[in-house]
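Read the structure below first, then the notes.
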Amino acid sequence: MEFILIILIGVLYTAGLYMIMRRSFVKVIIGLIFLGHAANLLIFTVGRITQGSPAFINADGSIPSPVADPLPQALILTAIVIGFGVQAFAIVLFKRAYQTVGTDDLDEMKKTDEL
Amino acid sequence: MLLALPIISPLFFGILMILFWKNFRANRIINLIASIVSLTIAIILIAEVIDVRILTLHMGNWQAPFGITLVADLFSAVMVLISAVIGFTTAIYSLATMDEDREKFGFYPLLQILLMGINGAFLTGDIFNLYVWFEVMLISSFVLLSLGGKRDQLEGAIKYVTLNLLSSALFLAGVGILYGLAGTLNMADLARKLPLSNQPEMTTVVSMLFLVAFGIKSAVFPLYFWLPASYHTPPAAVSAIFAGLLTKVGVYALIRVFTLIFTTDSELTHTVILVIAGFTMVTGVLGAASQMDFRRILSFHIISQIGYMIMGLGLFSPLAIAGGIFYIIHHIIVKTNLFLVSGVVNKISGTYDLKKLGSLYKLYPLLGLLFLVPALSLAGIPPLSGFWAKFILIKAGLELGEFAIVAVSLFVGLLTLYSMTKIWNEAFWKDAVDEQDIISIPGTLSQKILLFLPIVFLGLITITIGFYVEPFWNFANDAANQLLNPEFYIKAVLGNVR
C-alpha cells in the first residue's frame, strides 16, 4: 500500500510542478490542485498506515494495541478544506484576470514587471 | 484568556462589520474602534509578558502537546504590538485615502481578518496551527490585493497567489514529514522530540523544506519575484500594511523554527541562511536601483531589508539575533511609513512615476521632512533607528569574524542611501516637468489631518527609537536570549514533564 502511495505522490508532485510552469491559466490551477493533493497524500503516508485497527479505545477504557493514529487524517481534512477554499478563490481570480487582460497566456502578463 | 484576545477581537469586529455590509460609515467607525481595542490588548499583553516572561494558554483546556497551545514570549508579544500599531495607523490612513467602492465591498472586515491571521501566526505554539493562520492571512491578503479589479492588480495578484500557494503546499508537506519523524506538532514538543527521532539527515532535509516555504513568504533570494510584481499595485493603505507586516510574518516563522526546532545542524542550515541573506540584500538593492517608480523602489527595498533580518538569524549569536529582532521592529515602522508617504504623493500628483513627479519640497516642505525621517532611517543614517539596527548586526558580524557578510551589508547600506537620494532628487528636489499638474492636497482640513497623523505618528516612533535606543535594545536583547535558550519556552509550554 505504501509503495503505491509513494509512487502516486511522486507522480502528483512531478505533474503539479510541470503544470505550474505551463503558460496557460487553467494548467497552472490544475498544477496547484495536484500539489495540494500530493501534500495531503504525503501526510497520510508518513503518518503510518495501520490496517484494521480503528482509533477507538475499548469500552473499559483500555487502549487496544496496535491503534491507528487519527491525527494525520484530521490534518488532511483541515488541509483539504483550506485548499478547497483557496483553489476556489484562485479559479475566480484567474477567470476575472482572463476577462480583464483578455489573454490566458501568463507570458503576456508582464505589465507589472516592466520598467 | 489575554492570549486569545488579539485573535478574538479582530474576528469579533470583522464579523460585526460584515453585518453592516455596504454601510461604509458604520464600517469605518467599527474598524477604528477595533484597531484601538487591538492596540490596547497588545499593550496589556506585552506588559504582562515583560512581567512573567512567557505566557501560555491551552485552548479548550487540552494540555500540551495534545491540544493547540498559544504562547507569547517577548518576540511574539512585540510582533503583536507592532501589528496592532500598523493596524491602527492604517485604519486612520484609510479614512482619508480609501475609495468608497472598496469600503463598500468589505475592505475593513478583510483588514481585521488579515490582522487576525497575522496575530494568530505570531501567537501559536503549534506548527500545523501556524499553517492554518498563514492560510487565513493569505486568503484575506489575496482578496485585499485584488479588490478593485484593475488590470495591474489582477496581474500582480496572479503572481502573488500562485507562488504563495506553492509555498503553502511545501509548508504542508514539511509539517507532514515533521509529524512522521517526531509524532507531535507542538513546537516545544518538537524541539524536545526531534533530536530523539535519531534521523539527523531527514531533519536537515525537512528544515530546508521549511526554509523554502518560509523563504517564499518572506521574499528571500531567489524566491522573491512575486513581491515586486504585486506590492505596487493596490491602493497605498493596502500596500503599506502588506509591506510592513506580511513578509515579516515569514521572517518571524523562519526565526521561530530555526531557533527552536532546527538547531541541531546549525553549521549547515545557518550558513545556508547567511549566504541567502547576502544575496537577498544585494539583489534587492540592485533591483531598486534600476526602478523609476516610487513604490517599486520601496518594494525592492523590502527584499534587501529582509536580507538584514535573515543575516541576524544566519549569524546565530545572541547579539546577531537581537540585532535581527531590532531590525524587524525598526523596519516595519519605517517601511509602512514610506508607503504611506508615497500614498500622499500619489494623492497630490496622481502618479507614482518619479519622472513625472517633482517640486514637492518647494510646495510641501512638511511632506519632504516627513519623507526624510523614514528614508534616512532606512538608509541607516545616525541617530535614527536604522543606524542602530545596522550597527548591532555589523558589530555581531565582526565579532564572529564573518567579514564578507559585513562588507556586503555596508555596501548595500550605501546603495540604499543612493535609492533614497534618487527618490528625494526626483520627487522632491527637481522642478516638476509640468508645473500645472501640481494641485493642493485634496480634501477638507479634517481629511488632511487624518492623512498626516499616521505618518507623523510613525515618524515620531522612528525618532524615539533613534534617540532613546536603550530600552528598545535591552528588550531585543532579552527577546534574543529567550529565543536562544529554548528550554524556557519548552518548560513554559509543557511544564515539567519528562
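The values are calculated or read from the model by the stated rules, or taken from the named source; none is laboratory data. Computed from a predicted structure; not experimentally measured. Methodologically, a virtual Cβ is constructed for each residue, glycine included, from the backbone with ideal geometry; neighbour enumeration extends over all protein chains shown.
Quick notes on this one:
- Candidates B:GLY87, B:GLY120 - the one that is farther than 28 Å from A:ALA97 by Cα and within 14 Å of another protein chain (Cβ to nearest Cβ): B:GLY120
- Count of region B:463-498 residues, restricted to those that are within 27 Å of B:LEU185 (Cα to Cα) and either in contact with a Ser or Thr (Cβ under 6 Å, 6 or more places away or on another chain) or not in a helix (DSSP H, G or I) (or both), is 8.
- B:ASN23 among the polar types (S, T, N, Q) and over 25 Å from the mean Cα position of the chain (by Cα): yes
- Listed conditions (1) buried (at least 20 other Cβ atoms within 10 Å of the Cβ); (2) under 30 Å from A:ARG96 (Cα atoms) are all met by A:GLY47, apart from (2).
- Verdict on A:VAL92 being at pLDDT 90 or above, exposed (fewer than 13 other Cβ atoms within 10 Å of the Cβ), of a type in the set (Val, Ile, Thr) and closer than 19 Å to B:SER146 by Cα: yes
- Residues located in region B:141-153, provided they are facing chain A (nearest Cβ under 8 Å), on the phi < 0 side of the Ramachandran plot and either under 22 Å from the mean Cα position of the chain (by Cα) or of a type in the set (Gly, Ala, Ser) (or both): B:PHE142, B:VAL143, B:SER146
- Pick from region B:104-129, criterion out of contact with any helix residue (DSSP H, G or I) (no Cβ under 6 Å at 6 or more places or on another chain) and modelled with pLDDT of 90 or more, ranking: farthest from B:PHE488 (Cα to Cα): B:PHE107
- Verdict on B:PHE128 being more than 12 Å from chain A (Cβ to nearest Cβ) and either buried (at least 21 other Cβ atoms within 10 Å of the Cβ) or polar (S, T, N, Q) (or both): no
- Scan region B:281-296 for residues that are facing chain A (nearest Cβ under 9 Å), closer than 19 Å to B:GLY307 by Cα and of a type in the set (A, V, I, L, M) and the total you get is 0.
- Counting only helices (runs of 4 or more DSSP H) that sit completely within region B:154-234, those holding 1 or more residues that are crowded, with 24+ Cβ neighbours inside 10 Å and facing chain A (nearest Cβ under 8 Å) correspond to B:226-230.
- The listed residue being touching a residue at least 12 places away in the same chain (Cβ under 8 Å) and either basic (Lys, Arg) or under 23 Å from A:LEU77 (Cα atoms) (or both), out of B:GLY148, B:GLY67, B:GLY120, B:GLY156: B:GLY120
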